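Every number here is computed from the coordinates shown, using simple stated rules; none is lab data. These numbers were taken from a predicted model, which means no experiment stands behind them. All Cβ positions, glycine included, derive from the backbone under ideal geometry; neighbour counts span all protein chains shown.
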Amino acid sequence: LGGSEFSDYFLLDNLLTDEQRALKKKVREFMDQEVIPVINPYWERAEFPFELVPKLAQLDIAGFQIAGYGCPGMSNVTAGLVILELARGDLSMSTMMGVHSALAMMSVALLGSEEQKQRFLPPMARMEKLGAFGLTEPTHGSDVVKLETTARRDGDSYVINGHKRWIGNATFADYSIIWARGDDGHVGGYVVEKGTPGFDAQVIKGKTALRCVQNAQISLTDVRVPAANRLANVHTFRDTEKVLLASRFCVAWESIGAAIAGYETALAYAKQRKQFGMPLAAFQLIQYRLSRMLADITDMLCMQHRLSQLLDEGEYSMPRVALAKMHYTERARAILADARDMLGGNGILLDYHVARHLCDIEAIDTYEGTDTVQALIVGRDITGYSAFVPAV
Ligand code: FAD
């Protein structure tokens, strides 16, 4: 299932259809041939490789699980395999695609009217139009439910004012889904189209993770959007959470992809690097560490395969998805740190790719809710007590 000849130890691949295997292979080859050989200089320069977008579009994967409107309508298992392969290659690419497909497109698919789906989704599926998702604010991250950006109704428009932070793709996106509080005090989603006056998105510089992803600080000053651009089926923040469940599920798959990249690189390196006259792979302590990595990856793949099946059966549960995201991201960080060490000095060079993944996984750990926030979601579910706000 991991898409790798090395890391699918419990032969989950045997559970896949020929179609799933072929798609996984196609994405893997794209990442191996088109992305991995060129990505490091972009990462160093903190630039996104826009010239890869048309090739990415040709994979016909944008929209992941969304059915119709030119989207591929994948099962959750299939979408997971695709995301895993993107992430194994490069977490900036998987993040850019995740923001476009799992956040922006999914917002329209889950919460838009029929007219909005027909208007926005087909060009996004072809990747002629790219999306962003603006929820987080400078003063509201983990407590984003308290967001302060406002959308005031004025005739046939809404007028949006406020600030957003960390918004991926927003400096170039054609459609930015901006979440704001309406006159009724409830959160709504508004599609702000590129070039709308008053929308200012500046790249956040100096990132040490996901350097290719263009994250923006956004100012919205009297941004006027047509009333027809308010997502029709958003009534409260609970609706926003439907999108977050879908995208958090994708982020869980991303973590596994990153962990596999670390393990596979460490294994290959240990087989060819000799010290004390023997390949590193022949030493007991190295074998122990590789075995621990493989055990973690096998654990994550089995868990995530089952979680994907549950979603395919319509069993949606935010705590389950939170448990997955929390667990895999923590394991992926540990595996990548161990792989980095196993490569010795070479481990800190971008050339071996582990260093890039090790930096990037730090952002994966934070976005879509930190480790702590996922634990609080699970904790509330299993104990019945919400511990988000301290008792005073
Ligand atoms: P804070 O909420 O300030 O958290 C700081 C620390 O406090 C964390 O360790 C946290 O776990 C801890 N903490 C918070 N609350 C509690 C509590 N109740 N109990 C115990 N500890 C707590 N957002 C978007 O809307 N769109 C995007 O495209 C997007 N992309 C992103 C890309 C990157 C690279 C990054 C870094 C972030 C992105 N985000 C995006 C924002 C992301 O979702 C937030 O950064 C995240 O939710 C955490 O919020 P924060 O950074 O404000 O941290």
How high is the FRET efficiency from Val392 to Ile204, r the C-beta distance, R0 41 Å, rounded to 0.05?
-> 0.75
Expressed as an acute angle from 0 to 90° and rounded to the nearest 10, what is the orientation of the C-alpha long axis of helix 76-89 relative to the principal long axis of the chain?
-> 70
About the Cα centre of the chain, what is the dipole size in debye to 20, counting +1 per Lys and Arg Cβ and -1 per Asp and Glu Cβ, all else neutral?
-> 480
Starting from the Cα-Cα distance between Gln309 and Glu193, subtract it from 0.36 nm times their residue separation and give me the gain in nm to one decimal.
-> 38.2 nm
Can you give me the relative contact order of the chain as a percent, contacts being Cα pairs under 8 Å and 6 or more apart?
-> 17
Of every Cα-Cα pair in the chain, the percent that sits beyond 28 Å | 45
Amide H contacts under 5 Å for Lys129, restricted to residues at least 5 apart in sequence or on another chain and with H modeled in the peptide plane, are Met124
Dividing the helical contributions, -39500 (n - 2.57) per DSSP H run of n ≥ 4, by the residues of the chain yields a 222 nm value, nearest 500 deg cm²/dmol, of -15500 deg cm²/dmol
If you plug each phi of the range 258-263 into the Karplus form 6.51 cos²θ - 1.76 cosθ + 1.60 with θ = phi - 60°, what whole-Hz ³J(HN,Hα) values come out, in order, with x for Gly and Pro?
-> 5, 5, 5, 4, x, 5
Over 21 Å (Cα to Cα) - which of Lys164/Lys194; Lys25/Lys129; Lys26/Lys55 fall in this group | Lys25/Lys129
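Under the definition of Cα pairs under 8 Å and six or more residues apart, what whole-number percent is the relative contact order of the range 74-155? Mind dumping the intermediate values first?
Values: 40 pairs, mean separation 16.7, N = 82.
Normalised by residue count, the contact order of the range 74-155 is 20 percent.
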Residues whose modelled amide H sits under 5 Å from the amide H of Ser157, counting only those 5 or more places away in sequence or on another chain, are Ala227
Along principal axes, largest first, the alpha-carbon spread of the range 79-118 in whole Å comes out as 36, 17, 13
Pair Phe276, Asp351: separation of 7 Å Cα→Cβ label points (nm) | 2.6
Give the share of C-alpha pairs in each 5 angstrom bin for the range 246-338, from 0 to the last occupied bin, in whole percents, shortest bins first.
-> 2, 14, 23, 19, 13, 10, 8, 5, 3, 1, 1, 0
